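Participant: Sending over a structure as structure tokens; questions will come in a sec.
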């Protein structure tokens, strides 16, 4: 199984990227064949009032993003929580790429959502992303699904180091494993 993780913060060495490295580690330990982590540090998708994105003229970041999403069986959208919302980068990605020229990045995928916080937070953006992706699936009339189980990473700097290695919180580690196992099982069933 190929899993793509979108690290939805453009900050350098963000807490979201730390979470994505942890998710990648656990996914590989739990049997994922390949994991693509797409860091948003070079994010360059123009706002909706900018030029249209042409599939044949993508920037290097856009080409990496589209290729990773297209080849994935399952996609995890990881987002920081900013004022109870997902990151502007993920919202903008959805605005610009939820369109017919980019159907392959949405088609036949299982989408999962992870909220990241340095304090108490992370739940609201996962709910909002799930709702919007469900609407994309419906409006574009594609075959895909959202994972009903989301994962919230709170107090991230107390549970994962900068490289995504566990800092020894057994309850957190088990929660991440349960989320990954559920996501992998859901994707296997969907793809069967």
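Participant: Kindly identify segment 1-107 as rounded, prolate or oblate by the Cα gyration tensor criterion: order the square roots of the eigenvalues as a ≥ b ≥ c, call it rounded if a/c is under 1.5, otherwise compare a/b with b/c, prolate if a/b is larger, else oblate.
Facilitator: Working: a/c = 1.97, a/b = 1.26, b/c = 1.57.
Here segment 1-107 falls in the oblate category.
Participant: Between residue 135 and residue 100, what is 0.36 nm times their sequence separation minus the Cα-Cα distance? Round to one decimal in nm.
Facilitator: Numbers: separation 35, 0.36 × 35 = 12.60 nm, distance 1.44 nm.
Full-extension gain reported as 11.2 nm.
Participant: To continue, here is another question. Taking a point 7 angstrom from the Cα of residue 169 along the C-beta vector, which residues in segment 1-44 have backbone N less than 15 Å away?
Facilitator: Backbone N within reach: 15-16, 18-20, 22-23.
Participant: Using mean Cβ contacts within 10 Å as the protection proxy, how do 159-171, 1-13 order, highest first?
Facilitator: For the peptides 159-171, 1-13, the packing ranking is 1-13, 159-171.
Participant: With the chain treated as a Gaussian network of Cα nodes joined by springs under 10 Å, which of 52, 173, 99 yields the largest mean-square fluctuation?
Facilitator: So, out of 52, 173, 99, the one fluctuating most is 52.
Participant: Report, in whole Å, the centroid distance computed from the Cα atoms of segment 110-144 and segment 78-106.
Facilitator: Distance between centres, Cα-based: 9 Å.
Participant: Considering only DSSP beta bridges where both residues belong to the chain, give the percentage that are antiparallel (nearest 5).
Facilitator: Given both bridge residues lie in the chain, the antiparallel proportion sits at roughly 10 percent.
Participant: Modelling each spin label as a point 7 Å along the Cα-to-Cβ direction, I'd like the residue 82/residue 49 distance in nm, to one decimal.
Facilitator: For residue 82 paired with residue 49, the spin-label model returns 1.7 nm.
Participant: Over segment 113-192, what is the relative contact order in percent, taking alpha-carbon pairs closer than 8 angstrom and at least six residues apart?
Facilitator: Once divided by the residue count of segment 113-192, the mean separation gives 31 percent.
Participant: OK, next. With a cut-off of 8 Å between alpha carbons and a minimum separation of six or more residues, what is the relative contact order of the chain in percent?
Facilitator: That works out to 25 percent.
Participant: Of (i) 14.7, 42; (ii) 15.5, 48; (iii) 20.1, 63, which is the value of Rg and Dmax of the Cα atoms in Å derived from the coordinates here?
Facilitator: (ii)
Participant: Next up: Using 0.36 nm times the number of residues separating residue 162 and residue 2, minus their current alpha carbon distance, what extension gain do you get?
Facilitator: Result: 55.2 nm gained on full extension.
Participant: Once the piece of chain linking residue 12 and residue 124 is laid out straight, how much longer is it, given 0.36 nm per residue of separation minus the C-alpha distance between them?
Facilitator: 38.0 nm
Participant: Rank-order 131-138, 67-74, 183-190 by packing density, defined as the average count of other C-beta atoms within 10 Å over each peptide's residues, highest first.
Facilitator: Values: 131-138: 15.2, 67-74: 19.0, 183-190: 17.1.
Top of the packing list down: 67-74, 183-190, 131-138.
Participant: Can you work out the FRET efficiency for the pair residue 63 and residue 41, with r the C-beta to C-beta distance and R0 = 22 Å, to the nearest 0.05? Working shown, then result.
Facilitator: On the way: r = 16 Å, r/R0 = 0.71.
So, using R0 = 22 Å, E works out to roughly 0.90.
Participant: Relative contact order (percent) for segment 20-86, with alpha-carbon contacts under 8 angstrom and 6 or more residues of separation?
Facilitator: Relative contact order for segment 20-86 comes out at 26 percent.
Where a number appears in this text, it was derived from the coordinates with a stated rule and is not lab data. Since the model is a prediction, treat every value here as computed from it, not as a measurement. Ideal geometry is used to build each Cβ from the backbone, glycine not excepted, and the neighbour counts take in all protein chains shown.
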